[in-house]
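Read the structure below first, then the notes.
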Amino acid sequence: MIQQQTFIIALMNMFTHNTKNTCLYATPDAERRGILLIKILGTECPKCKSMASIVQDVVSINNMDATIEKVENIMGIMTFNVLTTPALVIDDVITIKGRVPSKDEVLALLT
């Protein structure tokens, strides 16, 4: 039991040094103007990068007013109780987790 706790603490410490949350496209006062707040939860894994690219493409192609934020910090991801990444959060609601959606699926979720 002690070894398991030690491992968990070491794992948490390994990820907490990365404290950056990257705002890919930010609009000031987004919440007050009814702009979508999109968060992509995940580390720098290929699936997470793929989801970020798909979401950015859908937002830019459809000229949507949205703020896209990448949450790469493990502690930030854990605040959403997400254990599998990537995850897509739209206006603080988890809509997809553990897989990469298609562009059509993202568009349906954002409209």
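The values are calculated or read from the model by the stated rules, or taken from the named source; none is laboratory data. Being a predicted model, the structure only gives us computed values, none of them experimental. When we count neighbours, we look across all protein chains shown, and the Cβ atoms used for this are built from the backbone with ideal geometry, even at glycine.
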Scan (1) free of Cβ contacts under 8 Å to residues at least 60 places away in the same chain; (2) surrounded by fewer than 17 Cβ atoms within 10 Å (Cβ to Cβ); (3) not in a loop (DSSP other than H, G, I, E, B) for the single condition LEU83 breaks and write down its number. (3)
Could you say whether any residue in region 40-62 is at pLDDT 50 or above, acidic (Asp, Glu) and out of contact with any His (no Cβ under 7 Å at 6 or more places or on another chain)? yes
Taking GLU105, is it among the acidic types (Asp, Glu), surrounded by 13 or more Cβ atoms within 10 Å (Cβ to Cβ) and in a strand (DSSP E or B)? no
